[in-house]
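What follows is a single structure, written as structure tokens, with notes after it.
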Amino acid sequence: MNRILIILTLFLSATLTGQVNRWHLSDQGEAIIWPVIPGETHMDHLEMSGLQISAIVHYGVENGSWQQRVQLVFPMLRTVPNDTHASLIHEVSTSSLPAIQQEGHDLQWAVQSFSFNGILSSTMVSREGLLLHRESFPSTTRPAYFDQLTLKNTTDQTVEVTLPAITLRDTTAAEQGLDGAYMLETTTTRSGKTLLHSGEQVVFAIVYAGRKMADPPHYFASVYEREKRNELIRQTNDDLHLNTPDPVLNQFFAFAKLRAVESIYNTRGGLMHGPGGGRYYAAIWANDQAEYANPFFPFLGNAEGIESAMNSFRHFARYMNDEYRPIPSSIIAEGTDYWNGAGDRGDMAMIAYGAARFALAYGNAQTARELWPLITWCLEYCRRQINSQGVVASDCDELENRFPAGKANLNTSCLYYDALLSVEMLGRDLEVDPVQIDRYHQDAQSMRKSIQEYFAATVQGYETYRYYDGNDVLRAWICTPLTVGIMDRAEGTIDALFSPDLWTDDGLATEAGKPTFWDRATLYALRGVLAAGETSRAMPFLAHYARRRLLGEHVPYAVEAWPEGNQRHLSAESALVCRVITEGLWGIRTAGLHAFTCMPQLPEGWEKMELQNVHLIGKVFDLEVQRKSGRIHFQVLENGQVILDQIVEKGESIQVSA
């Protein structure tokens, strides 16, 4: 990298870390807090999900007054036509519901703060000296969402309050529902006059629920449902627990794990991980699920995540055929239909890549054998799409013609290449015919050579890659080769990624000179730069990104895109956040069903970092690294016992075997 670029990178890094945050970490570091300034106006939105519901909560203050509007999504209450977007959606303006009263007058509240730890909370006080704490969360297993309110008397007098009695019912038209009419209900768990002595409190909840008219009404206990939500938060935090000197990065990673696993829906077609965002439920995609999220779930060990991954691959496998027509991009409507509106987006490369990486990380031979036919079918499909220049042709890419991708794009060929590497390792452990394994090895070497010959180019002055034939403008996805171990043009590519041509306050622009950004590309890039060993260059940008998403104006997760979708908190992007840590910062890469390699990148200024309860290759490990005389002391523990203890040089890879 030339001297001008070094100076520019250092200047930009210093600028990036100087952002002003609306939120801050709690003292315990397991929550974020927004202290509200009197008279302030700011609104935000986040998504929370359970097996039968998702809630997009719009919350905040307008001139200091508390506001909340909730978009409730019921993925299994299907509407007509039963397509990708056929989840029943019901919006409730909760701030307009009947209020708590004292002496016949609605209590007026001054908002003190909002907080989030997996449950969205707000705290407010009345002029009469009452304290109200509101906690908002979905049920983990049932089609219901809760506002649980704790009202406390902080005065030295006994007061009488009246809790609102709310019973609202809305019945949908039978002809608009796949299963007929649906009932939407808003009720309170407690109401009426209540005496509160000094220091006493009362807990009640507003419950928002949906059901089929043929189903009986549900009884809901908010305290129990809150504990179930807390249990999910605690377990997800404990598994794959990251401990570094950067508490913001630690918590951003913890929340990303939660968002990745909560967005799984119990459909009639089995468990399905879904992107969310008010549009994408009870359905799977070759990119979001197969490529992004599924390879991550084994690391976490979450049972629902692993089952949803296997279920998604089973659904894709239903569409294999002897004529090698493409598998659809998306299986929709609880598995009963499909969407293929953009043609072949490189989906078979995505599926082969994701299924092979999932099988290796999960480390179960029986599972791997089940996935083998799907993986090899997709590889054969890709092989048949190789053009005369030796790279894989496709109709478009996962951006579905939002931006040009030519007739063959860099992303598809890189994913195919990585899938070939993975299936070679997988096949050896499954004792597949060596002739077939050797063919995959040769195909991988040929594809790597073709990627270099076809895509390598000087673009806007950088020695990097063109995204497709004829592309002369930098694109965010030039980062993909770094994530699959192709480092031939790493220096020029990293220079381009972190240049003012591509990098913005929100990460990578999709195309140089355009305002559009998609977080998925930024997360691939950060992972790839770390995997390339360029830790000192990557960390300022990763730190900036984590702080912006966790503590900035729109929190607390990675987003899909802008301007499209109003920066929805799609779930698979959070899985990609996690992979920046596991595959980037820690450099973990499976080397078969019974081994993995690790090349930890201990950033400058960090003396130690840990990754605990790592579920990998069928076992659970703790990984610890610390600096020792300019080298890296690396330990792996299993069941509290040290099974590997090495001192290595920076950038050296270590193999761990089961």
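On the given criteria, is Met320 buried (at least 24 other Cβ atoms within 10 Å of the Cβ) and either at pLDDT 95 or above or in a strand (DSSP E or B) (or both)?
No, not satisfied.
Cβ-Cβ under 6 Å, sequence separation 6+ or interchain: first residue in the range 204-221 and in the same structural domain as Phe74 (by TED's automatic domain parsing), partner assigned to a loop (DSSP other than H, G, I, E, B) and among the charged types (D, E, K, R). Which pairs?
Phe204/Arg190; Lys212/Asp179
In the set Val73, Val125, Val61, which member is in contact with a Leu (Cβ under 6 Å, 6 or more places away or on another chain), among the β-branched types (Val, Ile, Thr), assigned by TED's automatic domain parsing to the domain that holds Ala209 and assigned to a strand (DSSP E or B)?
Val125
Answer yes or no as to whether Met348 is under 16 Å from Asp418 (Cβ atoms) and either in a loop (DSSP other than H, G, I, E, B) or over 21 Å from the mean Cα position of the chain (by Cα) (or both).
yes
Scan the range 47-62 residue by residue and report those that are under 24 Å from the mean Cα position of the chain (by Cα) and either farther than 25 Å from His544 by Cα or surrounded by fewer than 19 Cβ atoms within 10 Å (Cβ to Cβ) (or both).
Within the range 47-62, Ser49, Gly50, Leu51, Gln52, Ile53, Ser54, Ala55, Ile56, Val57, His58 meet the criteria.
Can you pull out every residue in the range 506-524 that is in a loop (DSSP other than H, G, I, E, B) and within 20 Å of the chain's Cα centre (by Cα)?
Within the range 506-524, Asp506, Thr510, Thr516 qualify.
Thr412 fails exactly one of the following numbered conditions: (1) surrounded by fewer than 24 Cβ atoms within 10 Å (Cβ to Cβ); (2) hydroxyl-bearing (Ser, Thr, Tyr); (3) under 29 Å from Glu307 (Cβ atoms). What is the number of that condition?
Result: Thr412 fails condition (1) only.
Filtering the range 255-296 down to residues that are more than 11 Å from the chain's Cα centre (by Cα) and assigned to a helix (DSSP H, G or I), which residue is surrounded by the fewest Cβ atoms within 10 Å (Cβ to Cβ)?
Applying the filter and picking the extreme gives Asn287.
Restricting attention to the range 448-460, and to residues there that are touching a residue at least 60 places away in the same chain (Cβ under 8 Å) and closer than 27 Å to Arg428 by Cα, which single residue is surrounded by the fewest Cβ atoms within 10 Å (Cβ to Cβ)?
Taking the candidates together, the pick is Ser450.
I'd like to verify a number: residues in the range 571-589 that are out of contact with any Lys or Arg (no Cβ under 7 Å at 6 or more places or on another chain) and either part of a helix (DSSP H, G or I) or acidic (Asp, Glu) (or both), how many?
Qualifying residue count for the region: 6.
Considering only the range 76-101, state which residues are aliphatic (A, V, I, L, M) and in a loop (DSSP other than H, G, I, E, B).
Residues satisfying the conditions are Val80, Ala86, Leu97, Ala99, Ile100.
Going through the range 240-254 one residue at a time, which ones are in a helix (DSSP H, G or I) and either more than 20 Å from Ile588 (Cβ to Cβ) or of a type in the set (A, V, I, L, M) (or both)?
Pro247, Val248, Leu249, Gln251, Ala254
Scanning for something buried (at least 22 other Cβ atoms within 10 Å of the Cβ), part of a loop (DSSP other than H, G, I, E, B) and not charged (D, E, K, R), does the range 590-598 turn up at least one residue?
The answer is yes; a qualifying residue exists.
Where residues in the range 19-47 are assigned to a strand (DSSP E or B) and in contact with a helix residue (DSSP H, G or I) (Cβ under 7 Å, 6 or more places away or on another chain), which of them is nearest to Ala86 (Cα to Cα)?
Here the residue is Ile32.
Any residue that is in a helix (DSSP H, G or I), surrounded by 12 or more Cβ atoms within 10 Å (Cβ to Cβ) and polar (S, T, N, Q) - is there at least one of those in the range 194-213?
No, that holds for no residue.
Return the pairs, sorted by first residue and then second, in which the second residue is of a type in the set (D, E, K, R) and surrounded by 15 or more Cβ atoms within 10 Å (Cβ to Cβ), the first residue lies in the range 99-111 and is assigned by TED's automatic domain parsing to the domain that holds Ile206 and more than 17 Å from Arg190 (Cα to Cα), the beta carbons are less than 7 Å apart, and the residues are 6+ apart or on different chains.
Going by the 7 Å Cβ cut-off, the qualifying pairs are Leu107/Glu128.
Just checking: which of the strands (runs of 3 or more DSSP E) contained wholly in the range 129-173 hold 2 or more residues that are under 15 Å from Glu185 (Cα atoms)?
144-153, 167-171
Can you tell me which residues in the range 391-449 are basic (Lys, Arg) and part of a helix (DSSP H, G or I)?
Arg428, Arg439, Arg448, Lys449
How about the range 625-647: which of its residues are within 27 Å of Gly363 (Cα to Cα) and either out of contact with any Lys or Arg (no Cβ under 9 Å at 6 or more places or on another chain) or modelled with pLDDT under 95 (or both)?
Across the range 625-647, the qualifying residues are Phe634, Gln635, Val636, Leu637, Asn639, Gly640, Gln641, Val642, Ile643, Leu644, Asp645, Gln646.
Of the conditions (1) buried (at least 24 other Cβ atoms within 10 Å of the Cβ); (2) hydroxyl-bearing (Ser, Thr, Tyr); (3) part of a loop (DSSP other than H, G, I, E, B), Ser388 fails just one. Which one is it?
With respect to (1) buried (at least 24 other Cβ atoms within 10 Å of the Cβ); (2) hydroxyl-bearing (Ser, Thr, Tyr); (3) part of a loop (DSSP other than H, G, I, E, B), Ser388 is out only on (1).
So if I check each of Gly587, Gly565, Gly552, which one is of a type in the set (Gly, Ala, Ser) and either over 29 Å from Glu40 (Cβ atoms) or not assigned by TED's automatic domain parsing to the domain that holds Gly427 (or both)?
Within the list Gly587, Gly565, Gly552, the selection yields Gly587.
Can you tell me which residues in the range 93-111 are farther than 14 Å from Gln148 by Cβ, within 34 Å of the chain's Cα centre (by Cα) and either among the aromatic types (Phe, Trp, Tyr) or surrounded by 17 or more Cβ atoms within 10 Å (Cβ to Cβ) (or both)?
Val111
The values are calculated or read from the model by the stated rules, or taken from the named source; none is laboratory data. Just so it is clear, the structure is predicted and the values come from calculations on it, not from any experiment. So basically every Cβ, Gly included, is an ideal-geometry build from the backbone, and we count neighbours across all protein chains shown.
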